1. Report the full-extension gain for the segment Lys181 to Ile138: residue separation times 0.36 nm, less the Cα-Cα distance, to one decimal in nm.
2. Non-local amide H neighbours of Leu63 (under 5 Å, H modeled in plane, Pro and chain starts lacking H): which ones?
3. Relative contact order, percent, of segment 58-115 when contacts are C-alpha pairs under 8 Å separated by at least 6 residues?
4. Taking the convex hull of the Cα atoms, report for the chain its projected area averaged over all directions, in nm².
5. Tell me, what is the FRET efficiency for Ile150 and Asp19 to the nearest 0.05, using R0 = 22 angstrom and their Cβ-Cβ distance as r?
6. Could you sort the peptides 30-39, 71-80 by per-residue average Cβ neighbour count (10 Å cutoff), highest mean leading?
7. Please list 49-62, 5-18, 125-138, 92-105 highest first by mean number of surrounding beta-carbon atoms within 10 Å per residue.
8. Mind giving me the nanometre distance, one decimal, between the label points for Thr41 and Asn83, set 7 Å out from Cα along Cα→Cβ?
Amino acid sequence: MRLGWCITGSGHFLRDSYDVLRQLVEKKYKIDVFFSEAGKTVAKMYGVLKKIQDLHEKNKEYLTSIFYDSGQSPGYIVSARFNLNKYNALIICPVTSNSIAKMNVGIADTLITNIFSQMIKGGGNILLVPCDLVCGDIETEIPNGDKIMIKVDQFNCQNALNLRKFPNVSLFEHPKEIVQKLTEFENADV
């Protein structure tokens, strides 16, 4: 199974996302990773960027490529892979409320939002782990590993839920839930 995995600029679920990505590489999924500019910055702050780069160096057969927003030409040509059915699924994990808002209204002005738009056009499966899917007080991890409480408002929760209006979009509360969905796709031969 070939996957595209996008990372936006959120620390919430970032280390958990890496753990699932590593697990999928170990299971021999072929994965390309795509970073938004903010995603790259935040991943570096959390120590996850280096881990993903190291995972790529040790497993190039499975974690085949890493793409960065800043390295793309206008028009994000690499995103064309997603409407040409080169991937069985697109995972955006974690996905920020900023990217969610853009996706909801069709703004495709970053690598990640452009990839989302192209995957919609290509009719592919999209798995999202929004940072703001659950309303209220939630615990999150900051770069030094400490846990803090933050408040997720109703507006951003609803924005995340609104993404279900698109065909083939699935929303998950935690990155580990992605593994089960991918197993379902394999069993259905997607």
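Computed from the coordinates by the stated procedures, all read-outs in this text should not be read as laboratory data. From a predicted model like this one, the values you see are computed outputs, not experimental measurements. Every residue, glycine as well, gets a Cβ built from its backbone with ideal geometry; the counts of neighbours run over all protein chains shown.
1. 13.1 nm
2. Ile31
3. Working: 23 pairs, mean separation 23.7, N = 58.
After rounding, I find 41 percent.
4. Details: hull surface 39.4 nm².
Mean projected area of the Cα convex hull: 9.8 nm².
5. The formula returns an efficiency of 0.55 here.
6. Going from most to least packed, we get 30-39, 71-80.
7. So the peptides 49-62, 5-18, 125-138, 92-105, ranked by packing, come out 5-18, 92-105, 125-138, 49-62.
8. A separation of 2.9 nm, rounded to one decimal place.
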